[in-house]
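A.B. asks: Dumping the structure here so I can ask a few things about it.
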Amino acid sequence: MARLIANTPCAGLLPKTIGSVSLSEVDAGVVTLVAPFNGQQKAVSDALKSAIGVGFVAPNRCVGTSPRVMWCGMGQALVMGVDCPDLPAQCVDHSDAWAIVRIDGAGADAVLARLTPIDLRASVFKKGHTARTLIGHMTGGITRLGAQSFEVMVMRSMAATLVHELVQAAENMDARAGLSA
Amino acid sequence: MRIAGKGLNAGGAPVSFSFDGTIYEGREGDTLAAALLANDVRLVGRSFKYHRPRGILTAGSEEPNALVTLGTHAAQDPNIRATTQELYDGLAARSQNAWPSLKRDAMAVNDLMSPFLSAGFYYKTFMWPKSFWEKVYEPIIRRAAGLGAISGVTNEDTYEKAFAHCDVLVIGAGPAGLMAALVAAQAGADVILADEDSRMGGRLLAETYSVDGREGADWAADIVARLMAMDNVRLMTRTTITGAYDQGTFGALERVTHHTAATQAPRECFWRIVAKRSILCAGALERPIAFPNNDRPGIMTAGAVRAYLNRWGVAPGKSVTIFANNDDAHRTAVDLVEAGVKVAGVIDSRADVQALGDYPIFTNGKVVGTKGRLGLESITVQHSGGTRDIRTDCLAMSGGWNPTVHLTCHMNGRPTWNDDILSFVPTDGAIPDMTVAGAARGVFSTHGCLEDGIAAARAVVDTLGLDAVAVDTPSADDSAYRIEPLWQVEGKGRKWLDFQNDVHVKDIKLAAQENFRSVEHMKRYTTQGMATDQGKNSNVAALAVLADATGRGIPETGTTTFRPPYAPVSIAAMGAGAQGHGFAPERHMTSHQATLDRGAPMIEAGLWYRPSYFPKQGETTWLESCNREVGMVRNTVGICDVSTLGKIDIQGPDAAAFLDFVYCNTFSTLKEYRVRYGLMLREDGHVMDDGTTARLGANHYVMTTTTAAAGQVMKHLDWVSQALRPDLDVRFASVTEQWAQFAVAGPKSRDLLNTVLDADIDGESWPFMACGDVSIGGIVGRLFRISFSGEHAYEVSVPARFGASLFRQLCAQAEAMGGGVYGMEALNVLRIEKGFITHSEIHGRVSAFDIGFGRMVSQKKDCIGNAASQRPGLLEAEREQLVGFKPVDKAEKLTAGAHLFVEGADAVRLNDQGYVTSVCHSPTLGHDLALGFLRDGANRHGETVMMVDHLRGVKTLCEVCHPVFFDPDNTRAKETSNG
């Protein structure tokens, strides 16, 4: 009989601190992709709300901390940090599908501005906002957690590339900070 | 020559630099051009075609002549404009396009031959023999003519790309731009103010005008400080807006470290700035006058002379003359006289002008000749009082100012001719949501620019729903711009228009004479307006000459097309981050590290990295390893990571109906906990992809796709669900990344699995094509009894976090049983032996009929591609059909991509009978095998055909056979014993 050992997607790659920003891996716990069946969105939302306290979310929004519900595509959301109740929806285990990296610190938005075309200005992309977008050459998601805190997620298999891209961008920003006018 | 105490950088620290190996001293805040002039270096380059000595013409990014190379080896950076390159300690610049030296350039012989080298000369002269153009003439011409060279070595410098967003982008930080930015920012808009200079202020830094009763430069510095203190303003210096694109997107190049010695920071950053509104305050560019020999070092634009004098405290000559058709002549003379520089004469082409200071003036004047081989020595002047020679080492010229309209034309807009200023101005609305202000739209007085910047910003913030704060226009000079036409001066000698491409007035006239009368044709015929400066100095003058030569007005003649980039952008900046690991995302399987640890070479499958083979000690070729791995699977057991295959979870009340619609065969009849092979067609009836789909519940399936088509299939399902069958209640999600999946293949596969599964399986509980949940160390995984090798085989999957761990344990168990891990090469051999297809066979041009699966297209239901697959021409026996090939002589080679011919027929296209798609050496059968498509192949088993590979020079007689070479009854995969 086997005994299986778990590895995180960014094992051995993080954490790192580069200049004023730090990169760390996020363990989101149990993650379930929920896609309500036809006409069931309200029922799903109600069931979620009564079971975990957070309902189904609007596009580009992430509600709650732990547990939380994050929009992730048309008619789809990730229920994170809690076992998903039975729902009139497609419910798929995604606990191992994503590499999730948190970037914190002054200039975190500037680092991400090296990688993503979306508008990250605090007045536009607020706390609790999430977006499916490009991160370098990868498709993924970005969520704002705070003034200088973001979460970046890509397919698990691209963890090494995500870390490479974030580190490169952060190192460039750090080197810029050392330049004289 | 430096003037003591003069210049905005008068207090700057001394800076040491070199030019062509000679060490000079400049001072902090200088550009390379300013520092060279301060050291009386006038000759800085050789021209492109005639290798004529050239000096510094301008003081900005429009510079055509003063191009130098910085850096050496991999960091060699050619065509750097000395006029924008900031000086730093240790800067080493080299001149370009001269050999053996700048002063004695052997190729200057071209200049003596110039009567034979006029525009169009190449096309007329080098026509014969035709084959010589590419091999002989062009290489010689290219070597003789040229700018700087790149090193040819990979550049190790870092470059960067970035995005920025704002409400208002202000382009240019002169008086108009500064006021526009201030007004917009005070109204609460998010503002980006970008300027290509290292210091903001525009012409205020180069002129002696006052604003609000203070020095213009000081006033600008104050406004910049106010803007810097505001949270909603981002100031971007050294940043050139290079292009205007759709939906308010602008390209911009920031030169991040060009002004310093090497650092770790990126050299340049290529920005994409998205702005709700933009205000173009790009100013204007001064144009030279085309008079005979107007290209000698020491002749420069009047605005540049004032910039060197006022901003950097440099007198570009000891005895300066000025030639102009507008009031800039006098502005320049006054500044020079005030600074104590001798003005030897002002030659004004106009009649009704008077000197504004203590200098000689020549009205109705023209410069008709110049002397001085490596630098200006004297000029010949014709004026109302006669003709005379004047000794001078610097001639400042001004033919008027051209508004910088470039960005307004990047979306195919054309500028509008304005007769008052004898130049083009932007056409309203040429770029959506862009407003133009200041000199960029022909408002040339300082006061006018300040006022225009304010007005533009007020209008813009209003459209954003913001309220502008009232601002008084600062007091400043408001004198009118007075200019008279003067495009060319007759006289002996070439009258240069485009200094960078060595195009002169006669070339333009020749173009017109030879009927290249359209301005676009003239440009291509003469090369006027090409290369790094894109004719910033010469375009308007050249088309004025063309208009004259063709008897049309300037507006009718029109302009050539302005295209991005406004200023050169290095390819390195546009491709920033894409070197090495940044080239494309790398997708790693959970077994990645263990695979590398075993020394397996990786091959790229899409973005995935997959092992080619796993070399064992003593194996010297890939084939040895591959043969061993194949034998392992056929005789004991092999492990292979197959996580890269696409996995799509499909759920919903209509999941079965949905699958019946997208697959050509039926899935609604599939029993729960069973797997079925499926074939998917495109709408045109050709095969799109294949794979197995497992039924995990009444309304729950998991589809697998090929690695290559995972994304395409997902997109296809989205399309079908949203556009074709929204009536079906079904949802699907990729679970490719959730599960790590491993093939366990070979006669001992079940034995091996029983060492890792919590509960043993047997032939009864897990027959061929069974599937279901299993437990491994308490972890719930999935087991599928499917086979891509033809052996008794399984695929076992666990949540990806356990993938690396399970892989190591499976490998260890396999090795203990005499088997081991196998890679893509062995996987390929195993599937060819069994005649299993991949995208080598289903390459997009074959139908289900062609691959022998015609009967899989169920006629009991409709599916995508069904109707189209029945079209005439897609079901004929004459089509090329999938068959196998074996060499008649077993020692002979088969090659993929080879074509097939009837034995004895010429191996030419018309006799083509088909082609080979996949080959391998089969260690199981002891010879090469191939799959391929042969005309009427299904009916030709047993015949021989000639395989001809023209590319590799291989010719092999083959026997045509059924595509399944090994175990045609599939008894091995279906093995049912419980032993």
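The values are calculated or read from the model by the stated rules, or taken from the named source; none is laboratory data. These numbers were taken from a predicted model, which means no experiment stands behind them. Cβ coordinates were reconstructed from backbone atoms using ideal geometry, including for glycine residues, and neighbour counts include every protein chain displayed.
A.B. asks: Out of everything in region B:877-900 that is aliphatic (A, V, I, L, M) and part of a loop (DSSP other than H, G, I, E, B), what residue ends up being surrounded by the most Cβ atoms within 10 Å (Cβ to Cβ)?
C.D. replies: Checking each candidate, the answer is B:898.
A.B. asks: Among (1) under 27 Å from residue B:589 (Cβ atoms); (2) out of contact with any Gly (no Cβ under 8 Å at 6 or more places or on another chain); (3) of a type outside the set (S, T, N, Q), which single condition is residue A:72 missing?
C.D. replies: Status for residue A:72: all satisfied but (2).
A.B. asks: Is it the case that some residue within region B:782-799 is within 14 Å of residue B:637 (Cβ to Cβ), assigned to a strand (DSSP E or B) and within 14 Å of another protein chain (Cβ to nearest Cβ)?
C.D. replies: Yes: region B:782-799 contains one or more residues that are within 14 Å of residue B:637 (Cβ to Cβ), assigned to a strand (DSSP E or B) and within 14 Å of another protein chain (Cβ to nearest Cβ).
A.B. asks: Pick from region B:583-604 the residues that are within 8 Å of chain A (Cβ to nearest Cβ) and among the aliphatic types (A, V, I, L, M): which of them is surrounded by the fewest Cβ atoms within 10 Å (Cβ to Cβ)?
C.D. replies: Ranking the qualifying residues of region B:583-604, first place goes to B:584.
A.B. asks: Please determine, by comparing only the residues of region A:52-84 that are of a type outside the set (A, V, I, L, M, F, W, C) and under 22 Å from residue B:648 (Cα atoms), which one is surrounded by the most Cβ atoms within 10 Å (Cβ to Cβ).
C.D. replies: Looking at the filtered set, the residue picked out is A:76.
A.B. asks: In addition: Mind listing just one residue for me: the one in region B:385-405 that is part of a strand (DSSP E or B) and more than 25 Å from residue B:544 (Cβ to Cβ) and, of those, nearest to the chain's Cα centre (by Cα)?
C.D. replies: The selected residue is B:394.
A.B. asks: Where the second residue is of a type in the set (Ser, Thr, Tyr) and assigned to a helix (DSSP H, G or I) and the first is farther than 18 Å from residue B:212 by Cβ and lies in region B:435-455, which pairs have Cβ atoms under 6 Å and are six or more apart or on separate chains?
C.D. replies: Hits for this filter: zero, empty list.
Matching residues to (1) of a type in the set (Ser, Thr, Tyr); (2) surrounded by 15 or more Cβ atoms within 10 Å (Cβ to Cβ); (3) in contact with a Cys (Cβ under 7 Å, 6 or more places away or on another chain):
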| residue | (1), (2), (3) |
| --- | --- |
| B:339 | no, yes, no |
| B:344 | no, yes, no |
| B:353 | no, yes, no |
| B:358 | no, no, no |
| B:368 | no, yes, no |
| B:378 | yes, yes, no |
| B:399 | no, yes, no |
| B:407 | no, yes, no |
| B:415 | no, yes, yes |
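A.B. asks: Of the residues B:678, B:652, which single one is surrounded by 22 or more Cβ atoms within 10 Å (Cβ to Cβ), out of contact with any Pro (no Cβ under 8 Å at 6 or more places or on another chain) and at positive phi?
C.D. replies: Exactly one of B:678, B:652 is surrounded by 22 or more Cβ atoms within 10 Å (Cβ to Cβ), out of contact with any Pro (no Cβ under 8 Å at 6 or more places or on another chain) and at positive phi, namely B:652.
A.B. asks: Can you tell me which residues in region B:338-379 are closer than 21 Å to residue B:297 by Cβ, without any contact (Cβ under 8 Å) to a residue 60 or more places away in the chain and hydroxyl-bearing (Ser, Thr, Tyr)?
C.D. replies: B:378
A.B. asks: Let me ask something else about it. Out of all the residues in region B:729-779, which are among the acidic types (Asp, Glu) and more than 8 Å from chain A (Cβ to nearest Cβ)?
C.D. replies: Within region B:729-779, B:751, B:760, B:762, B:764, B:773 meet the criteria.
A.B. asks: Follow-up question, since we're still on this one. Where in region B:909-979 are there strands (runs of 3 or more DSSP E), lying wholly inside it, with at least 3 residues that are out of contact with any Lys or Arg (no Cβ under 8 Å at 6 or more places or on another chain) and of a type in the set (Ser, Thr, Tyr)?
C.D. replies: Hits in region B:909-979: B:914-922.
A.B. asks: Here's another thing I want to ask about it. Take residue A:44 and tell me if it is crowded, with 20+ Cβ neighbours inside 10 Å, among the β-branched types (Val, Ile, Thr), within 12 Å of chain B (Cβ to nearest Cβ) and within 25 Å of residue B:719 (Cβ to Cβ).
C.D. replies: Yes: the conditions hold for residue A:44.
A.B. asks: Of the conditions (1) buried (at least 22 other Cβ atoms within 10 Å of the Cβ); (2) not in a loop (DSSP other than H, G, I, E, B), residue A:175 satisfies every one except a single condition; which number is it?
C.D. replies: (1)
A.B. asks: Let me ask something else. What's the total number of residues in region B:564-582 that are assigned to a loop (DSSP other than H, G, I, E, B) and within 14 Å of chain A (Cβ to nearest Cβ)?
C.D. replies: 5
A.B. asks: Another one. With respect to residue B:803, determine if the residue is away from chain A (no Cβ under 14 Å) and touching a residue at least 60 places away in the same chain (Cβ under 8 Å).
C.D. replies: No: the conditions fail for residue B:803.
A.B. asks: Look at region B:190-221 and say how many of its residues are at positive phi and not acidic (Asp, Glu).
C.D. replies: Total satisfying the criteria: 3.
A.B. asks: Hey, among the residues in region B:327-350 that are in contact with a Ser or Thr (Cβ under 9 Å, 6 or more places away or on another chain) and of a type in the set (A, V, I, L, M), which one's modelled with the lowest pLDDT?
C.D. replies: Here the answer is B:329.
A.B. asks: Now, a different point. Could you tell me whether region A:121-128 includes any residue that is under 29 Å from residue B:799 (Cα atoms) and either surrounded by fewer than 22 Cβ atoms within 10 Å (Cβ to Cβ) or basic (Lys, Arg) (or both)?
C.D. replies: yes
A.B. asks: Of (1) touching a Gly at 6+ places or on another chain (Cβ under 7 Å); (2) among the hydroxyl-bearing types (Ser, Thr, Tyr); (3) surrounded by fewer than 20 Cβ atoms within 10 Å (Cβ to Cβ), residue B:72 satisfies all except one. Which?
C.D. replies: Just one mismatch for residue B:72, condition (1).
A.B. asks: I'd like to verify a number: residues in region B:835-853 that are over 16 Å from residue B:706 (Cβ atoms), crowded, with 17+ Cβ neighbours inside 10 Å and not hydrophobic (A, V, I, L, M, F, W, C), how many?
C.D. replies: 4
A.B. asks: Out of B:731, B:695, report the one residue that is under 26 Å from residue A:153 (Cβ atoms) and basic (Lys, Arg).
C.D. replies: B:731
A.B. asks: Name the strands (runs of 3 or more DSSP E) wholly within region B:206-290 that hold at least 3 residues that are within 14 Å of chain A (Cβ to nearest Cβ)?
C.D. replies: B:233-236, B:249-255, B:268-280
A.B. asks: Please determine whether any residue of region B:323-336 is of a type in the set (Phe, Trp, Tyr), part of a helix (DSSP H, G or I) and buried (at least 24 other Cβ atoms within 10 Å of the Cβ).
C.D. replies: Scanning region B:323-336, I find no residue that is of a type in the set (Phe, Trp, Tyr), part of a helix (DSSP H, G or I) and buried (at least 24 other Cβ atoms within 10 Å of the Cβ), so the answer is no.
A.B. asks: Among the residues of region A:25-37, are any free of Cβ contacts under 8 Å to residues at least 12 places away in the same chain and either surrounded by fewer than 16 Cβ atoms within 10 Å (Cβ to Cβ) or more than 18 Å from the chain's Cα centre (by Cα) (or both)?
C.D. replies: no
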